[in-house]
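Participant: One structure is given below, represented as structure tokens, and several questions about it will come after.
The values are calculated or read from the model by the stated rules, or taken from the named source; none is laboratory data. All values reported here derive from a predicted model rather than from experimental measurement. Please note: Cβ atoms are built from the backbone with ideal geometry, for glycine as well, and neighbour counts cover all protein chains shown. In case anyone asks, the SASA skips ligands and DNA or RNA and just uses the protein heavy atoms, side chains included. Shrake-Rupley method; radii C 1.70, N 1.55, O 1.52, S 1.80 Å.
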Amino acid sequence: MTYPQTPAARRANPKPLPQVITAKRMRIAWMRGEVVPLSPQFDHCVQYLGHWWVNDDTEWIRVTAPTAIALLDKQKASSVAIYRNLRSNSPG
């Protein structure tokens, strides 16, 4: 016999994160401010829900390869430093 899950049980066992999400779902998350692009120029790679996602023009695919995640993390740190330096060196 199974019992219906209580709200506390659902929070303890959250629904697993999908490998692919729709462009519509990502657009909504973006409008809510939940998405952070890799950089202002590279918005086809984003961080959302604690993971990197890549756009293939029809949907967003979650990056799961450890080497790709490390490369994106490194590029994000580099981009932050570059854009911070550009802003601090720009005239008035």
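Participant: Taking the stretch 32-92, which chymotrypsin sites (Phe, Trp or Tyr not before Pro) meet the DSSP loop condition and have no more than 15 other C-beta atoms within 10 Å? Could you put the intermediate results ahead of the total?
Facilitator: Values: sites: F42, Y48, W52, W53, W60, Y83; in loops: F42.
Answer by residue number: F42.
Participant: Step through the residues of the stretch 42-49 one at a time and calculate ³J(HN,Hα) from phi using the Karplus curve (6.51 cos²θ - 1.76 cosθ + 1.60, θ = phi - 60°), rounding each to whole Hz and writing x for Gly and Pro.
Facilitator: 10, 9, 8, 10, 9, 9, 8, 6
Participant: Then there is this: Under 11 Å from the Cβ of I69, count the other residues' Cβ atoms, weight Lys and Arg +1, Asp and Glu -1, and hand me the total.
Facilitator: +2
Participant: Something else about it: Let me cross-check R27: its accessible surface, 1.4 Å probe, with only protein heavy atoms counted, in Å² to the nearest 10?
Facilitator: Only protein atoms counted, so the area is about 140 Å².
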